[in-house]
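**Student:** Structure below; questions to follow.
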Amino acid sequence: MNGTVVDLLAGNARHAERFADRFDEVQDAQHPAAVTVCCSDSRVLQDEMWGNEQPGHLFTVGNIGNRVVQLGEAGAEVSDDVLYPITHAGTGTAVVVGHTGCGAVTGAYQALADDQTEPEGIEHSLRLLAPHLEAGVAALPDGIDAAEAVNRLVEYNVDQQVESLVDSERVPDSVDVVGAVYDFQDVYDGQRGEIHVVNVDSERRVDALREAHPEVADRIDRIWEY
């Protein structure tokens, strides 16, 4: 057996020992409090980043670039994996989480700037992402390096994904939509691994957000006020 798989199964054994009695209340149904949409980057640990150890608490969605959209017959629409808990499990909160140094945002930025090509599967994901970044790329200030440009676009992408949820007729107005960035590269003030709220229901002004949500004011921050 592949050594990596052996290690994974050993980790699962430890998990099963710790979690054996935590599934009692959710064996037949789930009613997660939130659906979180994160990048599938291996450095982004969805449950761990929230300190979540309770089965049934979070409905976690992961993909390249923390996208909330898919291509339907009529074009881009909110993806079914995001809609499922909202529609069928009574979930009332959606959280879109980007992360510093995002490779998907980097790839989309490079594709817009240089017309680079990727393998078909990756290119499909970038085609979904790139249109949401195009105006953000055009608005980038002169004189910044590539790393700073990408991290500004990470915020911009989160804003656009939040906007897609807020504007969608498929997402009830009662659903709270939050946008955030997970920082493990010391881009924001705070510790590595902290989550910084950058958008709530399409409001992205830091002062307005801190006034409206004083209980988490220390976690509300942006690196780009465009």
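**Student:** Using the reciprocal of the averaged 1/r over all distinct C-alpha pairs, how large is the Kirkwood radius of the stretch 17-79 in Å?
**Tutor:** Kirkwood radius, the stretch 17-79: 13.6 Å.
**Student:** I'd like to know how the stretch 60-168 sits against the 2.2 N^0.38 Å rule of thumb: what's its Cα Rg over that expected value?
**Tutor:** Working it through for the stretch 60-168, the quotient is 1.09.
**Student:** When N is the residue count of the stretch 103-226, what does its C-alpha Rg come to as a fraction of 2.2 N^0.38 Å? Don't jump to the answer; show the numbers that get you there.
**Tutor:** Values: Rg = 15.3 Å, N = 124, 2.2 N^0.38 = 13.7 Å.
The reported ratio for this selection is 1.11.
**Student:** From Cα pairs below 8 angstrom and at least 6 apart in sequence, can you work out the relative contact order of the stretch 94-223, rounded to a whole percent?
**Tutor:** Working: 182 pairs, mean separation 35.8, N = 130.
It comes to 28 percent, rounded to a whole number.
**Student:** What is the magnitude of the charge dipole of the chain about its Cα centre, with +1 placed on the Cβ of each Lys and Arg, -1 on the Cβ of each Asp and Glu, and no other charges, expressed in debye to the nearest 20? Walk me through the numbers before you get to the answer.
**Tutor:** Details: 14 positive and 42 negative charges, 65 e Å.
In total the dipole reaches around 320 debye.
**Student:** To continue, here is another question. I need the phi-derived Karplus couplings for the stretch 95-103: 6.51 cos²θ - 1.76 cosθ + 1.60, θ = phi - 60°, integer Hz, Gly and Pro marked x.
**Tutor:** Values, residue by residue: 10, 9, 10, x, 8, 4, x, 5, x Hz.
**Student:** Set Lys and Arg Cβ to +1 and Asp and Glu Cβ to -1, take the dipole of the chain about its Cα centre, and tell me which of V78, H15, Q191 lies farthest positive.
**Tutor:** Most positive-ward Cα: H15.
**Student:** Now, a different point. Using only DSSP helix segments of four residues or longer, with each worth -39500 (n - 2.57), what per-residue ellipticity at 222 nm results for the chain after dividing by its residue count and rounding to 500? The partial results should precede the final answer.
**Tutor:** Numbers: 7 runs with 92 residues, N = 226.
Mean residue ellipticity, 222 nm, calculated: -13000 deg cm²/dmol.
**Student:** Report, in degrees rounded to the nearest 10, the 0 to 90 angle that the Cα long axis of helix 120-139 makes with the longest principal axis of the chain.
**Tutor:** 50
**Student:** With a 1.4 Å probe and all protein chains kept in place, how do T106, T4, T60, T100 rank by accessible area, largest first? Please list the in-between numbers first.
**Tutor:** On the way: T106 40, T4 90, T60 60, T100 0 Å².
Putting T106, T4, T60, T100 in descending order of accessible area: T4, T60, T106, T100.
**Student:** Still on this structure, please answer the following. Give the value in nm², to one decimal: projected area of the alpha carbon convex hull of the chain, averaged over all directions.
**Tutor:** Numbers: hull surface 60.5 nm².
Dividing the Cα hull surface by four gives the mean projection, 15.1 nm².
**Student:** Using modelled amide H (1.01 Å from N, peptide plane; none on Pro or chain starts), what sits under 5 Å from the amide H of E194, excluding residues fewer than 5 places away?
**Tutor:** Amide H neighbours of E194, under 5 Å, 5+ apart: D183.
**Student:** What are the residues whose amide H is under 5 Å from the amide H of G179, where those residues sit 5 or more places off or on another chain and H is modelled from the backbone?
**Tutor:** Those qualifying (amide H under 5 Å, at least 5 residues apart or on another chain) are V96, V198, N199, V200, D201.
**Student:** Can you tell me the orientation of helix 146-167 relative to the chain, as the angle in degrees between its alpha-carbon axis and the longest Cα principal axis, to the nearest 10?
**Tutor:** Helix 146-167 and the main axis of the chain meet at about 70 degrees.
The values are calculated or read from the model by the stated rules, or taken from the named source; none is laboratory data. Everything quoted here is computed from the prediction, not taken from an experiment. Cβ sites come from the backbone with ideal geometry, for glycine too, and all protein chains shown count toward neighbours. For accessibility, only protein heavy atoms count, side chains too; no ligands or nucleic acids. Shrake-Rupley method; radii C 1.70, N 1.55, O 1.52, S 1.80 Å.
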